[in-house]
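Comments concern the structure below.
Each reported figure results from applying straightforward, stated rules to the coordinates on display, with no laboratory input. For clarity, every value in this text was computed on a predicted model and none was experimentally measured. Heads up, the Cβs are rebuilt from the backbone with ideal geometry, glycines too, and the neighbour counts pull from every protein chain shown.
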Amino acid sequence: MNTERSLWEMLINCLCGMKRKAHGAQEPRHIRKYVEVMSTAQHVGAVREPPLYAQTINQRFLCRLPAFCAVGALGIAVQLGALHFLIHCTRMHYLAATGIAVEAAVLHNFVWHKRWTWANRNITGLNETLKRLGLFHLTNGIVSIIGNILWMRFLVGTMGWNYLPANMTTIAAGFALNFLAGDMIVFRAKENKA
């Protein structure tokens, strides 16, 4: 326990030093608050990982961003491949094809985000997975499907763009919303009740 506590204190001191150098001599509030929690928790011995308010932007988002981008890139390939196939091989209307292609990408992305991007969030069991899949569809799926169809209607139907560049533009528009929804809603860490 002392080793674990001293590692956390070393990490916090390192972060405080880096923040002071970057922002002047003032210690950031969230670090100061976490140090206070650490000093009061040393009597109880209950702190195992920093609470969300103590995690910096780097810890919370930027560490997951490369995995999110890799999964998203593969999802884009799935979506564009499905879109091309549905439009050219089955002669489906571009709006219907867009909806089906987006759904294929949404399912693909959920599986890989669960297994890789947010693998440490301990989503186990069929019921928990189905619950998270439902949340993924209510957030990322709806943003992607409705956003893609509306933007495709505008860019292809009104502006006369080719469907592939138009689809790439709509995907880029939903990137930040999908990342935040995934981290804060769908794959939100379970609260420890200790």
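Distances longer than 21 Å among the Cα atoms of segment 50-172: what percent of all pairs is that? Walk me through the numbers on the way to the answer.
Working: 3448 of 7503 pairs.
Looking at segment 50-172, the distances longer than 21 Å represent 46 percent of pairs.
Among CYS69, CYS89, which comes first, then next, by fewest other beta-carbon atoms within 10 Å?
On the way: CYS69 13, CYS89 8.
Placing the least packed residue first, the sequence is CYS89, CYS69.
Scaled to the compact-protein estimate 2.2 N^0.38 Å, what is the alpha-carbon radius of gyration of segment 77-148, rounded to two decimal places? Each step should come with its number before you reach the end.
Numbers: Rg = 13.9 Å, N = 72, 2.2 N^0.38 = 11.2 Å.
The value comes to 1.24.
For LYS190, LYS131, which order do you get if you count the other beta carbons within 10 Å of each Cβ and list the fewest first?
Values: LYS190 9, LYS131 13.
In increasing order of surrounding Cβ atoms, one gets LYS190, LYS131.
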